[in-house]
Amino acid sequence: MSYKADIVIIGAGVVGLAIASEVTRQGREVYILEKNEIFGQEQSSRNSEVIHAGIYYEKDSLKTRTCLEGNALLYELCERNGIAYHKCGKIIVATNALEAEELEKLYRRGRDNGVPLKMLSRTEMKELEPNIKGISAFLSPTTGIVDSYSLMRYFLGKTRDNGAQIAHKTKVIGIEKAVDGYKVVVAELSGHSSLLTRVVINCAGLYSDRVAEMAGINIDEANYRLHWCKAEYYSVGGAKNRLINRLIYPVPMDISVGVHVCLDVNWRLRLGPLFYYVNEISYKLSDSRKRDFLDSSIMKALPFIEPADLQPESASIMAMLQGPGERFRDFIIEHEYNRGLPGFINLVGIETPGLTSSLAIARYVSHMAGEIL
């Protein structure tokens, strides 16, 4: 059976759902295709749930621009719609002279990006966080945490209210160019079917490079091939969550921001993520990397956490454009007109700060779709 649509969105993670809630405003026929049993089962529900401020990324990059805009939009949306969040702020702390030097550079980058930051004296640091240890630090007051599940549920409700349809357990297996659009072939429980659509928006997350490949893009030539990076989180017991008042981060010394304090909206305390590249999707977890957590730089800033407090809790997989040893890569959000694919919009490598940026990305992509339709 074939269906006709104006827009097909592949992937019901937080970005796909945010885009759906935006593009359905004008009464279009919109379908969301999701291979899993329910929305947001991969990157969108397996993360630190941090509302980022925009400190780390290259100035004028899509990551920075959408993060800054998305930060403000997300707080406003949560406040207006009763979605749980805490605008708790975070402190980035240096524990030695080398880190202190890098902290100054990071502070200048964040300020240059337009992020409101405050360098702290040791007295101020102790007043804000009496139980952490460090030689210098700065405060990011616009960093926070959000209930990502409730946020996605809000986007889904809004999308359905606007008339869009979501198909779970529906895996895209082919994309063919058609007259004035695309034929999207899917596998579902009842067999194979297809949709004819004018616009395809690829929000397939971990598999977004493969979806791009289905449309005929050489992902190596386009530099779209993704690298899977596993992230492990450890819970911290012993009521140690009462000893901190906000998120605590180390000074990043490589491509990752490093293992840091993760809090959820119920103030449950975790440490993570510990990143390492993998070749397969597996969320299995053991305590084999506990020593890596204990050796991470954040532990020097948290003397109240003891080895016995740490227990493996969860794992996630992130889709990274940069491979091991490679430098910063920006989000890819591209209408592929110049590759002979008018109406095909690619979102590839939407990892951190994708959750924070989701509303800004949705507006950006909605404008692209509006120019096509």
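A short reminder: the numbers here are calculations on the coordinates, not readings from a lab. Computed from a prediction, not measured in an experiment: that's the story for all the values here. Using ideal geometry, Cβ is built from the backbone for each residue, glycine included, and neighbour counts are taken over all protein chains shown.
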Legend entry - Anchor Lys133: lysines whose Cα lies under 28 Å away (excluding residues fewer than 8 positions away in-chain): Lys87, Lys90, Lys105, Lys118, Lys240, Lys290, Lys300
Inset, instruction - For Cys88, enumerate residues with amide H under 5 Å from its amide H, sequence gap 5+ or separate chain, H modeled in the peptide plane. - result: Ile145
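Taking 0.36 nm per residue of separation and subtracting the Cα-Cα distance, what length does fully extending Val179 through Glu127 add? The partial results should precede the final answer.
Details: separation 52, 0.36 × 52 = 18.72 nm, distance 6.51 nm.
The span from Val179 to Glu127 would gain 12.2 nm if fully extended.
Placing +1 at every Lys and Arg Cβ and -1 at every Asp and Glu Cβ, with all other atoms neutral, what dipole size does region 181-254 have around its Cα centre, in debye to the nearest 20? Present the calculation step by step, with values, prior to reporting the outcome.
On the way: 8 positive and 7 negative charges, 94 e Å.
In total the dipole reaches around 460 debye.
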Legend entry - For the chain, the longest site-free run once GluC sites (Glu not before Pro) in DSSP loop states with at most 10 other Cβ atoms within 10 Å are removed: 38-220
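Restricting to the chain, compute how many DSSP beta bridges are antiparallel as a %, nearest 5. Walk me through the intermediate numbers first.
Numbers: 51 of 73 bridges.
If we restrict to bridges inside the chain, about 70 percent are antiparallel.
Around Asp330, what is the net charge, scoring Lys/Arg as +1 and Asp/Glu as -1 over all other residues with Cβ under 12 Å from its Cβ?
On the way: positive: Lys59, Lys63, Arg65, Arg327, Arg329; negative: Glu58, Asp60, Glu334, Glu351.
Net of charged neighbours comes to +1.
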Legend entry - Amide H partners (placed H, <5 Å) of Ile173, local residues excluded: Val185, Val186, Ala187
Legend entry - Lys/Arg +1, Asp/Glu -1 at C-beta; region 1-68 dipole; positive extreme among Gly40, Ile55, Ile9: Ile55
Legend entry - Phi-based couplings in Hz for region 286-297 (Karplus 6.51, -1.76, 1.60; Gly and Pro marked x): 9, 9, 5, 9, 4, 4, 5, 5, 5, 8, 5, 5
Inset, instruction - First select every other residue whose beta carbon is under 12 angstrom from the beta carbon of Asn266; then total the charges, Lys and Arg +1, Asp and Glu -1. - result: -1
Inset, instruction - Using +1 at the Cβ of each Lys and Arg and -1 at the Cβ of each Asp and Glu in region 108-227, identify which of Ser140, Ala187, Gly174 lies farthest towards the dipole's positive end. - result: Ser140
Inset, instruction - Evaluate E = 1/(1 + (r/R0)^6) for Leu243 and Glu58, where r is the Cβ-Cβ distance and R0 equals 30 Å; express this FRET efficiency to the nearest 0.05. - result: 0.30
Inset, instruction - With an 8 Å cut-off on Cα pairs and a minimum separation of 6 or more residues, tell me the relative contact order of region 1-137 in percent. - result: 20
Inset, instruction - Run the quick spin-label model on Lys118 and Tyr3: label points 7 Å from Cα toward the beta carbon, then report their separation in nm to one decimal. - result: 5.1
Legend entry - Per-pair calculated FRET efficiency, R0 = 41 Å: Tyr337 and Glu188 via Cβ, rounded to 0.05: 0.85
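By the scheme Lys and Arg +1, Asp and Glu -1, what is the net charge of all other residues having a beta-carbon under 14 Å from that of Ser194?
On the way: positive: Lys4, Lys171, Lys177, Lys183; negative: Glu176, Glu188.
Taking every Cβ under 14 Å from that of Ser194, the sum is +2.
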Legend entry - Residues whose placed amide H lies under 5 Å from that of Phe138, excluding near-sequence neighbours: Ile92, Leu120
Legend entry - Segment His367-Glu79, extension gain: residue separation times 0.36 nm, minus the distance between their alpha carbons: 101.2 nm
Inset, instruction - Quick one: dipole size for region 17-156, taken about the Cα centre, charges +1 on Lys/Arg Cβ and -1 on Asp/Glu Cβ, in debye to the nearest 20. - result: 200
Legend entry - Spin-label pair Ser286/His168, simplified geometry with 7 Å Cα→Cβ offset, distance in nm: 3.3
Inset, instruction - Convert each backbone phi in region 197-212 into a coupling constant with the Karplus relation 6.51 cos²θ - 1.76 cosθ + 1.60 (shift: θ = phi - 60°), then list the ³J(HN,Hα) values in order as whole Hz, x for Gly and Pro. - result: 9, 7, 10, 10, 10, 8, 10, 7, x, 4, 10, 5, 5, 5, 5, 4
Legend entry - Hz values of 3J(HN,Hα) by residue in region 68-76 - Karplus curve (6.51, -1.76, 1.60), Gly and Pro given as x: 4, 5, x, 4, 5, 5, 5, 4, 4
Legend entry - Relative contact order, percent, the chain [alpha-carbon distance under 8 Å, six or more residues apart]: 26
Inset, instruction - Kindly provide the chymotrypsin sites (Phe, Trp or Tyr not before Pro) of region 216-300 that DSSP labels as loop, not H, G, I, E or B, and whose Cβ sees at most 15 other Cβ atoms within 10 Å. - result: Trp267, Tyr283
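So, with +1 on the Cβ of K and R and -1 on the Cβ of D and E, and no other charges, what is the size of the charge dipole of the chain about its Cα centre, to the nearest 20 debye?
Working: 44 positive and 45 negative charges, 115 e Å.
That gives a dipole near 560 debye.
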Inset, instruction - Mind checking region 147-184 for trypsin sites (Lys or Arg not before Pro) that DSSP puts in a loop (not H, G, I, E or B) and that have at most 15 other Cβ atoms within 10 Å? - result: Lys169
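Among the trypsin sites (Lys or Arg not before Pro) within region 306-373, which fall in a DSSP loop and have no more than 11 other Cβ atoms within 10 Å of their own Cβ?
Values: sites: Arg327, Arg329, Arg339, Arg363; in loops: Arg327, Arg329.
Sites meeting the loop and neighbour criteria: Arg327.
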Inset, instruction - Report the full-extension gain for the segment Asn223 to Arg268: residue separation times 0.36 nm, less the Cα-Cα distance, to one decimal in nm. - result: 12.3 nm
